[in-house]
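Here is the structure we will look at, set down as structure tokens.
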Amino acid sequence: MKKFFFPKKRRYSIILFYGFLIGVVFIILSARVMDYTSTDQFCMSCHVHPHAEENWRLSSHYDNKSGIVVHCVQCHLPPPGTVHYFTAKAVTGLRDVYGMVFKDTDKINWEAKRQLSAAVKHTYEESCISCHQNLFPLQLSEEGMHAHLYYDDNRDELNCLNCHLHVGHFSEHAQQTIDFGLEKMVAIDAEIYTEAASVDQFARFTETVPGTSMAFDMLPIPGGQFTIGSPENEPGRRDNEGPQRTVEVSPFFMSEIQVSWDMFMAFFRETMSEGRVDQGAFIASASRDAMIDGISGPTPPWGSPDQGWGYGKRPAITMTWHAANVFCEWLSLKTGKTYRLPTEAEWEFAARGGTETPYFFEGNPKKFTRERFINRLLGPDTTTINSYVIYAENSMARTQTPDDVNPNPFGLKNMLGNVWEFCSDYYDENVYAMYPAEAVIINPQGPPTGNERVIRGGSFRSDAYEVRSASRSHTRHDTWLLTDPQIPKSIWWYSDVFDVGFRVVLEWQGEEKEIN
């Protein structure tokens, strides 16, 4: 039987036709798959965040006057039509499927996922700009115009989320201002003190601040010598922790806990300046009451300074070093004593509590840290450190009250972790090298000048390496005010840091012997 063959030219035409047809079908199906997998319903079907849809529907990206709905992929993927869009879509989809299948969603720290440092990894600046092409619409407020001008001049450093973190997913505390909270921060029936505490012996006492309901415990820290810094073989050590030097500090009192919101708000209510320019802590007057009135305190902060975590005994945060220092000046005038921020040497002496180990409790930083590869796989050992330190592994990405930890040998709580603490010293990474190696350094004050201040202790965001007694860091004033569009920028509140606070010390001029 004779076989039938298409002419060669016709075979090529048929192959080309079917190839074209298959290509068209593939493109249509691919487009439909892309469209389907880009719907809000599809995103929500495997998205393990329990409140994502609810908070989205309450946000200005869904509930607004114009009726325009901004969908998931418009923020969480780059603009369509680019290779970046397809790769980002694949990576995002695989990540969400992996989380749904393999992760225990009850153990995911959603509070941390909503913070700026995490949000910028899952939201695309170019997507914001593709929708908001006109940054200066007619209805923009004057405050908004200044903010957008500031953004336009600093695009390399700023992200839309610096100011608009919660527009896609509503957050109640982000809508609040300081005006809402003053009455909530004060107990209605709280006792108002008329006298400050009398201190005539070197023993624990409770300070009471006249005219306020503010009271806090001060603990005696005996003077003595110690070795400041860390040995070169200490796990987690950084170069700015050495060389070690012998230091001697005089006796002093230190507050048992970090300055709480209850304490700071007493100062805020009495001195808040409502836009007045700071004129310094003192005025020329022989009257102590007039001098107190002369202190210009903080202006109201933007948003909720507690980040929605609560006030009360939680440490006060987001204030500048200047604000903390003025707090000490106000407290000194109110009580007739000499309160101030601790020197770096006083801070480390108090934190160590007489110990010479990495922490004031037993334990090897290598077992506690997550920076080691084996600990990332199996998890760090937290059995001991959890009892003494609020840090990245147990904080749930927020500050905690001092009741959650045990004190150090001097009775101080949260010396390590919870929030970094301001010291009075200017920062110099090589300051220890400036001290004589063979001498005992008496009450060092740090460099005479500088641009940044020392902060100590680590915070709720820190790894275990960073909450060692010798760990040092410093303020980053300009960076922490990056989002603040004011000219000049605020001298009272940081706009871009929420894990720094402080505690106070009181100078002691009497006998060194502690009375039990």
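The values are calculated or read from the model by the stated rules, or taken from the named source; none is laboratory data. Computed from a prediction, not measured in an experiment: that's the story for all the values here. Quick reminder, even Gly has a Cβ in these numbers, built from the backbone with ideal geometry, and neighbours come from all protein chains shown. When the accessible area is computed, the model is the full protein with side chains, heavy atoms only, and any ligands, DNA or RNA have been set aside. Shrake-Rupley method; radii C 1.70, N 1.55, O 1.52, S 1.80 Å.
Leaving out ligands, DNA and RNA, what percent of the accessible area of the stretch 332-373 is carbon and sulfur, probe 1.4 Å?
Solvent-exposed carbon and sulfur of the stretch 332-373 make up 48 percent of the total.
Heavy-atom accessible area per residue, the stretch 343-423, 1.4 Å probe: how many Å²?
41
Using every Cα-Cα pair within the stretch 376-488, state what percent have a distance larger than 23 Å.
Cα-Cα pairs in the stretch 376-488 separated by more than 23 Å: 44 percent.
In a Debye calculation with equal point scatterers on the alpha-carbon sites of the stretch 40-106 and no solvent, what is log10 I(q)/I(0) at q = 0.11, 0.25 Å⁻¹?
-0.31, -1.14
Leaving out ligands, DNA and RNA but keeping every protein chain, what accessible area does Tyr124 have, in Å² rounded to the nearest 10, with a 1.4 Å probe?
50
Using a 1.4 angstrom probe with every protein chain in place, what is the largest-first accessible-area order of Trp261, Trp508?
In descending accessible area the options line up as Trp508, Trp261.
Rounded to the nearest 0.05, what FRET efficiency is calculated for Thr338 and Ala437 with R0 set to 22 Å and r the Cβ-Cβ distance? Provide the component values of the computation, followed by the final result.
Numbers: r = 32 Å, r/R0 = 1.46.
For Thr338 and Ala437, the calculated efficiency is 0.10.
Using the Cβ atoms and a cut-off under 14 Å, what net charge is assigned to the surroundings of Lys107, where Lys and Arg are +1 and Asp and Glu are -1?
-2
Give the ranking of Ile192, Ile221 by solvent-accessible surface, highest area first, calculated with a 1.4 Å probe.
Values: Ile192 100, Ile221 0 Å².
The ordering from most to least exposed comes out as Ile192, Ile221.
Once both labels are modelled 7 Å past Cα along the beta-carbon direction, what's the Ala203-His122 spacing in nm?
Those two pseudo-labels are separated by 5.5 nm.
Keeping all protein chains in position, work out how much accessible area Asp104 exposes to a 1.4 Å probe, and write it in Å² to the nearest 10.
80
Can you tell me how much longer the chain between Asn109 and Ser141 gets when fully stretched, taken as 0.36 nm per residue apart minus their C-alpha distance, in nm with one decimal?
Details: separation 32, 0.36 × 32 = 11.52 nm, distance 3.58 nm.
Value of the extension gain: 7.9 nm.
Accessible area per residue of the stretch 196-256 at 1.4 Å probe, in Å²?
I get 39 Å² per residue for the stretch 196-256.
Determine the gain in length on full extension of the stretch Thr355-Glu507; use 0.36 nm per residue of separation and subtract their C-alpha separation, reporting nm with one decimal.
This chain segment gains 52.4 nm when fully extended.
Accessible area per residue of the stretch 35-129 at 1.4 Å probe, in Å²?
Solvent-accessible surface per residue comes out at 63 Å².
Per residue of the stretch 433-440, what does 6.51 cos²θ - 1.76 cosθ + 1.60 with θ = phi - 60° give for ³J(HN,Hα)? Whole Hz please, x for Gly and Pro, Karplus curve as stated.
Residue by residue, the stretch 433-440 yields 5, 7, 7, x, 6, 9, 9, 8 Hz.
Roughly how many whole Å is it from the C-alpha centroid of the stretch 378-434 to that of the stretch 309-344?
Going from one Cα centre to the other spans 18 Å.
Going from most exposed to least, what order do Trp347, Trp480 have by accessible area with a 1.4 Å probe? Don't jump to the answer; show the numbers that get you there.
Numbers: Trp347 0, Trp480 25 Å².
Largest accessible area first, the list is Trp480, Trp347.
What is the distance, in nm, between label points placed 7 Å from the Cα along the Cα-to-Cβ direction at Ser130 and at Arg269?
5.1
If you count only protein heavy atoms and use a 1.4 Å probe, how large is the accessible surface of Ser198, to the nearest 10 Å²?
Probe radius 1.4 Å; accessible area of Ser198 about 100 Å².
Over the stretch 396-462, what percent of the accessible surface lies on carbon and sulfur atoms, probe 1.4 Å?
Values: 1330 of 2790 Å².
That fraction is 47 percent.
Multiply the residue gap between Met44 and Phe226 by 0.36 nm, knock off their C-alpha separation, and tell me the result in nm, one decimal place.
That works out to 59.8 nm of additional length.
Using only Cα atoms, figure out Rg for the stretch 427-472 and give it as a multiple of 2.2 N^0.38 Å.
Numbers: Rg = 12.9 Å, N = 46, 2.2 N^0.38 = 9.4 Å.
Scaled against compact globular proteins, the figure is 1.37.
If packing is taken as the average number of other Cβ atoms within 10 Å across a peptide's residues, how do 332-340, 89-97, 434-442, 389-397 rank, most packed first? Write out the running numbers ahead of the final one.
Values: 332-340: 17.8, 89-97: 13.3, 434-442: 11.2, 389-397: 22.1.
Final packing ranking: 389-397, 332-340, 89-97, 434-442.
List every residue whose amide H lies under 5 Å from the amide H of Gly417, counting only residues 5 or more places away in sequence or on a different chain, with H placed 1.01 Å from N in the peptide plane.
Gly458, Ser459
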